[in-house]
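Engineer: The structure under discussion is supplied below as C-alpha cells; questions concerning it will follow.
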Amino acid sequence: GGLGYSPDGGQQFFDGTNGIDFNDRTNWSTPFAMNIRSPLTLYVGTFRVYKTTNGMASWAPISGDLTRGNGGRIGTISTIDAAPSNANVVYIGTDDGKVQVTTNGGTLWNDVTGTLPNRWVTRVAVDPDSANICYVTISGYLQYQYQAHIYKTTNYGQAWNAIGGNLPNIPLNDVIV
C-alpha cells in the first residue's frame with residue numbers, strides 16, 4: 001500500500017497515502033486503478049475504496065466495507081477497475097468472493113456477486129468502450145478448486161455468463177480487454 005507521487009515530473013516524490021487508514025484490512029497486493037480520462041483521479045482498495053482527485057495528495061473513502069467482513073487473512077479488495085468510458089463507474093472484486101459496482105462515483109455500491117462462485121476474485125476488467133460490460137476472473141487455489149473461471153456481464157453485473165469455454169482447469173489471474 002505504499003504510494004508516492006511527484007508533482008514535478010519526478011524531481012521530488014512525496015508520500016501518497018494521506019487519508020488512507022492503515023488500520024484497514026489490506027491485501028498483500030494492494031489494488032489501485034486510475035481513471036484514464038482524468039489521471040489525477042485514482043482508486044485504492046483496502047476493505048473499502050478510497051478515491052483521490054488530486055493525484056494522491058489526499059484520499060477519502062467512498063465506500064464502507066465491500067467484503068464479506070470475515071477479517072483475518074481475507075476480507076480485502078483484491079482488484080479494482082475504473083471504466084474508461086464513464087468516470088462514475090468502478091468495479092471491485094474481493095479475496096472472499098464479492099463483486100461490487102458503483103455507477104454514481106461511489107455514492108452507492110451494488111453487490112452484483114449473484115451466481116458467481118464464492119472464490120478469490122483475481123481481476124475485474126471493464127470494457128474500454130462500454131461501462132456496462134465487465135469481465136471477472138476467479139481463482140480457487142484457496143479452496144483447492146482449480147477450474148478455470150471467467151465471466152462476463154453486459155448489464156453492470158445484474159447477470160453473469162461463464163465464457164471459459166474449453167480453457168484448461170487452472171485458476172485465471174487476469175484478463176485484458
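Engineer: With viscosity set to 0.692 mPa s and temperature to 37 °C, compute the Stokes-Einstein D of region 31-177, Rh being the Kirkwood radius across alpha carbon pairs; µm²/s, no decimals. Walk me through the numbers on the way to the answer.
Structural biologist: Details: Rh = 15.1 Å.
Calculated translational D: 217 µm²/s.
Engineer: I've got another one for you. How big is the dipole moment of the chain about its Cα centre under a simple scheme where the beta carbon of each Lys and Arg is +1, that of each Asp and Glu is -1, and everything else is neutral? Debye, nearest 20, please.
Structural biologist: Values: 10 positive and 12 negative charges, 62 e Å.
Charge dipole, the chain, about its Cα centre: 300 debye, nearest 20.
Engineer: Next question, about the same structure. Say R0 is 45 Å: what FRET efficiency, to the nearest 0.05, do Asn18 and Ile170 get from their beta-carbon distance?
Structural biologist: 0.65
Engineer: Now for a separate question. For a quick size check, give me the Cα extents of region 16-75 along its three principal axes, largest first, whole Å.
Structural biologist: Dimensions of region 16-75 along the principal axes of its Cα atoms: 34, 20, 20 Å.
Engineer: When the accessible area of region 7-100 is split by element with a 1.4 Å probe, what percent falls to carbon and sulfur? Don't skip to the end; give the middle numbers.
Structural biologist: On the way: 2150 of 4370 Å².
Roughly 49 percent of what the probe reaches on region 7-100 is carbon or sulfur.
Engineer: Same structure, new question: Give me the log10 of I(q) over I(0) for region 1-113 at q = 0.23 Å⁻¹, as the Debye formula computes it from C-alpha points; what are the numbers?
Structural biologist: Those come out to -1.30, one per q.
Engineer: Multiply the residue separation of Arg68 and Gln11 by 0.36 nm, subtract the distance between their alpha-carbon atoms, and state the gained length in nm to one decimal.
Structural biologist: Values: separation 57, 0.36 × 57 = 20.52 nm, distance 4.19 nm.
So the extension gain works out to 16.3 nm.
Engineer: With every protein chain left in place, what is the accessible area of Phe13 in Å² (1.4 Å probe, nearest 10)?
Structural biologist: Here the residue's solvent-accessible area equals roughly 140 Å².
The values are calculated or read from the model by the stated rules, or taken from the named source; none is laboratory data. Just so you know, these numbers come straight off a predicted model, no measurement behind them. Cβ coordinates were reconstructed from backbone atoms using ideal geometry, including for glycine residues, and neighbour counts include every protein chain displayed. Surface accessibility is based on the protein's heavy atoms, side chains included, excluding ligands, DNA and RNA. Shrake-Rupley method; radii C 1.70, N 1.55, O 1.52, S 1.80 Å.
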